[in-house]
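Step one of this worksheet: look at the structure below.
Quick note: the coordinates plus some simple rules give every number you see, no bench work behind them. This is a predicted model, so every value here is computed, not measured. Here the Cβ positions follow ideal geometry from the backbone for every residue, glycine too, while neighbour counts run over all protein chains shown.
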């Protein structure tokens, strides 16, 4: 069509979840958000990844993480761990981490991510002084420990989903903000 500019397809808004080994918390968070993305018809607007600050390449999610996710209808059996890299950070619009030490690691790796890296429980709420916003690592714990962790992550993902939808829509429409303020 002459005279008409073709509508340029924008890349999806990309979220990276980070924990320590990419075996428990971040794969559960990735699985939970992927399920939400699928059920909310956001597949072409939102991309979800996970990685670990001390992850080895190619390991499966822990057996309890797989089991707890499966009980919620989420399949993480194909998950394979990967370390956080500068390349993954470049692909990410938002990095959601589980502990303050994860946040420091990301910001030290790439100082440009100071405004794009947030604790999952901090995102959209602002910093709460004196409040521990960490999501504890269930690794080595009982199945019940994993269930508690899963529910905490699920609650946080559901809490931030409206904001993520808005960011994805802004990206699609070309009206997105340069960075999110916590």
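Let's test the formula: R0 of 35 Å, r as the Cβ-Cβ distance of residue 155 and residue 63. What FRET efficiency results, to the nearest 0.05? List each step's numbers first, then the result.
Details: r = 23 Å, r/R0 = 0.66.
My answer for the efficiency is 0.90.
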Place a label point 7 angstrom from the Cα of residue 56 along the Cα-to-Cβ direction, then list the residues of the range 72-102 whose backbone nitrogen is under 17 Å away.
79-84
What FRET efficiency do you get for residue 41 and residue 112 if R0 is 30 Å and r is their Cβ-Cβ distance, rounded to the nearest 0.05?
0.40
log₁₀ I(q)/I(0) of the range 75-156 at q = 0.13, 0.20, 0.27 Å⁻¹, via Debye over equal Cα point scatterers, no solvent, to two decimals?
-0.49, -1.08, -1.35
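So what is the relative contact order of the chain, in percent, for Cα pairs below 8 Å that sit 6 or more residues apart? Display every interim value, and only then the final one.
Numbers: 299 pairs, mean separation 48.2, N = 182.
It rounds to 26 percent for the chain.
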On Cα atoms only, tilt of 25-39 relative to the major axis of the chain in degrees
40
On C-alpha positions alone, give me the angle between the axis of helix 143-173 and the longest principal axis of the chain, in degrees, nearest 10.
10
Given the convex hull over the Cα atoms of the chain, what projected area results after averaging over all orientations, in nm²?
11.6
